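Written out below as structure tokens is the structure these notes cover.
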Amino acid sequence: MNTPETNELIYVYAFVPADEASKEKLSQLKGIDPQHDIDFYITEGLAAVICKVSADDFSEDNFKRNVEDMKWLQERAYHHHELMNRLHQAFTVLPLKFGTIYEHNGRLSEVMKTYNGQMKVILEEVKGKEEWNLKVFADRDVFSKSVLENNQTIEEKKREISNLSKGKQFFARKKLDQFINDEIQAHIKRKTETIHEELKKLSKNAEVKKNWDQKITGREDDMAWNCVYLLETGDDVDSFKKILRTYQEKSDKENEGLRFESTGPWPAYHFANFKSKSAKVKS
Amino acid sequence: MQTETLENRDVSLLDILDAVLDKGVVLQGDITISIAGIDLVYLDLRILLSSVETLMEAREKPSVDELERQMDKSERRVL
């Protein structure tokens with residue numbers, strides 16, 4: 001293991017436009033290392049929101065070890081999240097992921113110069129906006145009823161099966177189960193895609209995420225949709241919520257077994273990737 | 001200890017990790033959740049979430065077609 005040259009590293013939370021970076025708004029906020037307050041590092045029209053951290057906890061090796069400790073990770077991830085929300089309330093922010101650490105100001109400054117254009121484009125894009133996450137859960141037992149009712153293909157297949165020999169019936173039934181399963185999945189998919197198209201019209205950007213496995217959610221129903229939407233703060237957020245309320249009410253009324261769960265407002269975590277960004281501002 | 005600042009409904013630790021970790025909460029057929037930072041940040045860090053340990057139990061089931069093939073074979077032997 002290499003011994004770090006100095007005992008202090010720089011933890012970076014976010015970038016904000018330099019002209020918004022007023023110290024009063026930070027008012028002695030404690031950093032991720034409680035020994036240090038939150039501060040700005042300003043260069044080239046950008047302000048990095050930083051906190052000095054001890055290498056004892058945040059050097060590469062120590063950090064890797066620490067994040068395996070759920071309690072340590074949980075406390076710091078919450079801190080990162082809460083501080084980001086406060087920054088998001090006060091500034092236009094380009095939020096960084098948890099665990100963005102630089103060895104010294106020189107490295108940080110270099111990155112702020114290299115990606116200056118890209119960062120400024122993103123700050124312009126996320127200004128006055130917020131991220132909302134939508135997860136749709138489907139109770140397949142409930143949902144399957146509406147799929148199975150009046151399904152001619154399934155009825156037909158069932159008739160065919162009854163004419164087969166015993167041994168063949170077993171596999172034919174298994175195949176039918178798989179067919180029904182696929183039908184249900186296709187139905188849920190069509191449904192969520194329709195909703196997604198409607199929400200996308202309202203959004204400035206959207207990113208579809210992977211559905212979580214039941215083992216992760218610990219729920220009986222399946223996650224059928226997981227997506228983040230970048231919305232203009234205000235009316236569009238109200239419309240977003242209204243659309244979801246309407247779908248939920250409709251789904252409840254028709255006993256469809258769908259749950260629409262949204263969280264927000266989040267800072268634009270999913271729309272802040274300055275490295276894959278073109279530096280030119282779109283007109 | 002931590003107060004919730006998102007306005008509507010409780011946000012779980014998983015939701016927060018999914019937002020603030022670079023690769024989010026990703027299921028990769030095993031129980032790892034990966035974080036990859038940006039630039040000088042620590043890359044490709046894999047952590048174990050104790051809450052998803054049960055994933056180890058998930059196992060591959062043979063498909064119906066496979067079962068049928070196996071059965072066909074054994075039937076032929078009997079005949």
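Any chance you could tell me what percent of the C-alpha pair distances in chain A go past 36 Å? Pairs farther apart than 36 Å: 35 percent.
Sorting A:257-267, A:169-179, A:113-123 by their mean Cβ neighbour count within 10 Å, with the most densely packed peptide first, gives A:257-267, A:113-123, A:169-179. Rounded to the nearest 0.05, what FRET efficiency do A:Lys275 and A:Lys253 give with R0 = 35 Å and r taken as the Cβ-Cβ distance? Could you check? The value I calculate is 0.15.
If you plug the beta carbon distance of A:Ile42 and A:Ala186 into 1/(1 + (r/R0)^6) with R0 = 51 Å, you get a FRET efficiency near 0.45. Based on DSSP H segments of at least four residues, each scored -39500 (n - 2.57), chain A has a per-residue ellipticity at 222 nm of -15000 deg cm²/dmol. For the range A:3-54 and the range A:149-189, compute the distance between their C-alpha centroids and round to whole Å. Here the two parts' Cα centres lie 61 Å apart. In chain A, the longest principal axis of the Cα atoms and the axis of helix A:235-253 are about 30 degrees apart.
Compute the acute angle (0 to 90°) between the alpha-carbon long axis of helix A:116-126 and the principal axis of greatest extent of the alpha-carbon atoms of chain A; round to the nearest 10°. Once rounded, the angle reads 50 degrees. With only Cα atoms counted, the range A:200-283 has Rg and Dmax values of 15.7, 49 Å. On a 0 to 90° scale, report how tilted helix A:166-202 is relative to the longest principal axis of chain A, with both axes built from alpha carbons and the result rounded to the nearest 10. Value to nearest ten degrees: 40. Any of A:Lys135/A:Lys158; A:Lys64/A:Lys120; A:Lys97/A:Lys210; A:Lys145/A:Lys241; A:Lys145/A:Lys253 with alpha carbons more than 26 Å apart? Name them for me. Long pairs (Cα-Cα over 26 Å): A:Lys135/A:Lys158; A:Lys64/A:Lys120; A:Lys145/A:Lys241.
The Cβ shell under 9 Å around A:Arg140 holds other residues with a net charge of -4, Lys and Arg each +1, Asp and Glu each -1.
Working from label points 7 Å from Cα in the Cα-to-Cβ sense, the A:Asp238 to A:Gln169 distance is 6.2 nm.
Mean per-residue shielding of peptide A:113-125 is 0, counting Cβ atoms of other chains within 10 Å of each Cβ.
Taking a point 7 Å out from the Cα of A:Asp19 in the direction of its Cβ, the residues of the range A:79-97 whose backbone N falls within less than 16 Å of it are A:91-93. Look at the alpha carbon pairs under 8 Å that are at least 6 residues apart: their mean separation over the length of chain A gives a relative contact order of 24 percent. Taking only the alpha carbons of the range A:5-153, we obtain Rg and Dmax values of 20.7, 73 Å in that order. For A:Ser203, A:Ser22, the sequence from fewest to most other C-beta atoms within 10 Å is A:Ser22, A:Ser203.
Every read-out reported here was derived from the displayed coordinates using simple, explicitly stated rules and does not represent laboratory data. The shown structure was predicted, so the numbers you read here are calculated from the model rather than taken from an experiment. In this analysis, Cβ positions are derived from the backbone assuming ideal geometry, glycine residues included, and neighbour counts consider all displayed protein chains.
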